[in-house]
Each structure stands twice: as C-alpha cells, then as structure tokens.
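The values are calculated or read from the model by the stated rules, or taken from the named source; none is laboratory data. As the structure is a computational prediction, the values presented were derived from the model and not from experiment. Accessible surface is based on the protein model in full, side chains and every heavy atom, while ligands, DNA and RNA are left aside. Shrake-Rupley method; radii C 1.70, N 1.55, O 1.52, S 1.80 Å.
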Amino acid sequence: MNKIILLNLLFLLTGCFFNEPSQIEIEHAIKDHFQTKLLHNSDGNPLVQVIGEAMGIDSIQFNSIEKISCVSPDLTSATCEIAYDYTLGKQDNPVAILLGNAGRHKGVESYRFVKSSKGWIVAS
C-alpha cells in the first residue's frame, strides 16, 4: 500500500515539473517574440518598416536567453522570469545611436507563456 501511495505522489510531483516551458522552448519563444516585436512590427505598412530601418532596427543577434524561474498556475500557461542579452543591428547608424536603439541590450523581465498547438509562445 505504501508503494502505491509513494508512486502516486512521485507521479504527481513529476507532473508539476513538466507544466512549464523548458530552457530550449523559452529560447525559441523569446526569439520569435523579439524578432516579431522589433523587426516585423510594421503590420505590412512600408512607412513603418522604413522608419524602423532608419532607427537601426534591421537585425537582432541573441547573445543569451536564460530561464531564471517559472510559476505555472495550470498546464497551459506559465509566468517566467527571463534574463536576456541581445544586440540590435546597424550599430553605426547615428539615428539609432541617438535614439538608444543600437547596440547591446541586457535585462531581466517576466513573460507570460502559453502552450499552443505549435508549442510554447509568449502571450501578448
């Protein structure tokens, strides 16, 4: 009887560890989110795209993305604290430098992730 209770408890505890995104899933979701937010936020408007490029936002390189901690209230969502480090392109663009868009950006922020049919994504 004790073995059955122990096995059930072990099953429940392991289930708790798998209802949050893994480090790799977070990396993919954050990269997709940042690229969409910073590079493709023009919604098809060429003027917005030109302004974005003039401000120096034409490429992004991720130096690191690190999962610090996650809280999962259910099986399909999690709020995670993420440390990120990325570099925006066109570092020699004077407008981008003036506006503070160029160069390296580091920070720690909380993001809400939801599990979709395509995997974990950042909720907007």
_Listing of helices (runs of 4 or more DSSP H) fully contained in segment 1-106 that carry 2 or more residues being acidic (Asp, Glu) and modelled with pLDDT of 60 or more_ = 23-39
*Among the residues of segment 104-124 satisfying the criterion of being open to solvent by less than 80 Å² (accessible area, probe 1.4 Å) and of a type in the set (S, T, N, Q), which is nearest to GLU81 (Cα to Cα)?*
SER110
